[in-house]
Amino acid sequence: MLDNSQFPAEVTLVEVGPRDGLQNESQWVATDIKLKLIELLADSGLKKIEATSFVSPKWVPQMADHTEVMQGLSDLKQVEFTVLTPNLQGFEKAISAGAKEVAIFAAASESFSQKNINCSIEQSLQRFQPLMQLAKQQNIAVRGYVSCVLGCPYEGEIQPSKVAQVSQQLVNLGCYQISLGDTIGQGNPLSTKRLLACVLEQVPIDQLAVHFHDTYGLALANIMVALEMGISTIDASVAGLGGCPYAKGASGNVATEDVVYLLESLAIKSQINLDKLVKAGDYISQYLGRGNNSKVAKAILSKAID
Ligand code: HMG
Ligand code: MG
């Protein structure tokens, strides 16, 4: 029996496909397709799914049906859904639509903050204050993202100390967890290790999650480093869907199927049925008319055809 005691015994996956995965699709994805995808993801055992975002539809048209998506989720009681909210206006709409958890998003790069949410990092943190107050009053859990933690499409290298600072500010605002986003997938195992070591000086390990994009194929290698350092929450997107509208060159997120396969190979519990997950990824890939970005899904699907 191989010794896996250096890894967390169990990992929580945050499925971001319906939001981060689809937000960049230029072809409109019908609401019932989004809902079917979410249903298939839930059926695979995923317990935490980011369903949509309450951002401006002028900025991200694909998420314009956020309210309809939320209304369609009511039967899936076993899943905790979270939605992205950039400001008080988005938060209020999300709560009216029934959201019980939201995510706010800041960046470690000034230029990315301007391009993504039209304000500086400091302004964004100020903008989140009334949202956080309301969330506290209404008992709404808030997750915090930091984008561009391992590189920015406009500024290049980002200092880990800046990421640690923004992460700590989000914790101080009341976020229960910080998801560190390698938005353009520039991280490698060494830079990931350096970043996590720095952020862990400010944020407790059980409040940290990692969010890798697989632009250069190193997402799983980076996740291995995170697991070795004890991180037990990983964001991923089914079929490797994704990209960011404000980060040119950002390819898909790490594929959930590939992460589940890695976890299974390390005997780390995730409670996901891989075959069902592959079915969900295949469903949306077929709808979008494009190949599946998950290597594991491709291998499993090609075996099924043999
Ligand atoms: P703005 O234009 O500066 O906002 O956008 P504003 O406050 O000046 O308002 C302008 C107009 O937008 C007004 O309408 C507002 O009512 C409206 P008008 O008077 O012109 O008719 N507005 C809204 N409408 C709907 N929902 C709202 C909302 N707020 C204002 N919530 C804003 C500021 C933040 C709204 C805009 O920049 C925005 O929506 N940005 C979102 C961009 C986005 O979604 N990016 C992708 C997500 S981040 C990401 O993918 C990275 C992540 O995955 C981590 C990683 O991968 O690393 C999280
Ligand atoms: Mg992302």
Counted residues, the stretch 43-59 - those being open to solvent by 10 Å² or more (accessible area, probe 1.4 Å), over 15 Å from the mean Cα position of the chain (by Cα) and closer than 17 Å to Gln78 by Cα
2
Do we find a residue being under 19 Å from the mean Cα position of the chain (by Cα), within 20 Å of Glu50 (Cβ to Cβ) and open to solvent by 10 Å² or more (accessible area, probe 1.4 Å) anywhere in the stretch 134-142?
yes
In the stretch 178-209, the residues that are more than 23 Å from Asn116 (Cβ to Cβ) and either β-branched (Val, Ile, Thr) or touching a Gly at 6+ places or on another chain (Cβ under 7 Å) (or both)
Ile205
Can you name every residue in the stretch 230-246 that is part of a strand (DSSP E or B) and open to solvent by less than 10 Å² (accessible area, probe 1.4 Å)?
Ile234, Asp235, Ala236, Ser237
Filter result for Gln62 (surrounded by fewer than 16 Cβ atoms within 10 Å (Cβ to Cβ) and either touching a residue at least 12 places away in the same chain (Cβ under 8 Å) or on the phi > 0 side of the Ramachandran plot (or both))
no
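To keep it simple, each residue is scored yes or no on (1) open to solvent by less than 50 Å² (accessible area, probe 1.4 Å); (2) within 16 Å of ligand 2 (Cβ to nearest atom); (3) over 20 Å from the mean Cα position of the chain (by Cα); (4) closer than 12 Å to Phe105 by Cα.
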residue: Arg127; (1), (2), (3), (4): no, no, yes, yes
residue: Pro130; (1), (2), (3), (4): no, no, yes, no
residue: Asn172; (1), (2), (3), (4): no, no, yes, no
residue: Ser179; (1), (2), (3), (4): yes, yes, no, yes
residue: Gly185; (1), (2), (3), (4): yes, yes, no, no
Look through Glu155, Glu80 and report the one residue that is closer than 17 Å to Glu50 by Cβ, surrounded by fewer than 18 Cβ atoms within 10 Å (Cβ to Cβ) and more than 9 Å from ligand 1 (Cβ to nearest atom).
Glu80
Asp258 being within 15 Å of ligand 2 (Cβ to nearest atom), among the charged types (D, E, K, R) and within 20 Å of Leu40 (Cα to Cα)
no
Pick from Gln202, Gln207: which is touching a residue at least 24 places away in the same chain (Cβ under 8 Å) and open to solvent by 50 Å² or more (accessible area, probe 1.4 Å)?
Gln202
If you scan the stretch 262-306, which residues turn out to be in contact with a strand residue (DSSP E or B) (Cβ under 9 Å, 6 or more places away or on another chain) and either over 22 Å from Thr233 (Cα atoms) or open to solvent by 50 Å² or more (accessible area, probe 1.4 Å) (or both)?
Lys269, Gln271, Asn292, Asn293, Lys295
Can you tell me which condition Lys58 does not meet? The list is (1) of a type outside the set (Asp, Glu); (2) modelled with pLDDT of 95 or more; (3) within 16 Å of ligand 2 (Cβ to nearest atom), and all the others hold.
(3)
Within the group Leu13, Leu22, Leu37, which residue is under 20 Å from the mean Cα position of the chain (by Cα), among the aliphatic types (A, V, I, L, M), away from ligand 2 (no atom under 16 Å from the Cβ) and buried (at least 23 other Cβ atoms within 10 Å of the Cβ)?
Leu37
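A quick yes/no check of all residues on (1) touching a Leu at 6+ places or on another chain (Cβ under 7 Å); (2) closer than 26 Å to Lys58 by Cα; (3) aliphatic (A, V, I, L, M):
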residue: Gln114; (1), (2), (3): no, yes, no
residue: Ile121; (1), (2), (3): no, yes, yes
residue: Arg127; (1), (2), (3): no, yes, no
residue: Leu131; (1), (2), (3): yes, yes, yes
residue: Glu157; (1), (2), (3): no, no, no
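The values are calculated or read from the model by the stated rules, or taken from the named source; none is laboratory data. Worth saying up front: this structure is predicted, and the values here are computed from it rather than measured. Reconstructed Cβ throughout: ideal geometry from the backbone, glycine too, with neighbour counts over all protein chains shown. Surface areas here come from the heavy atoms of the whole protein model, side chains and all, with no ligands, DNA or RNA. Shrake-Rupley method; radii C 1.70, N 1.55, O 1.52, S 1.80 Å.
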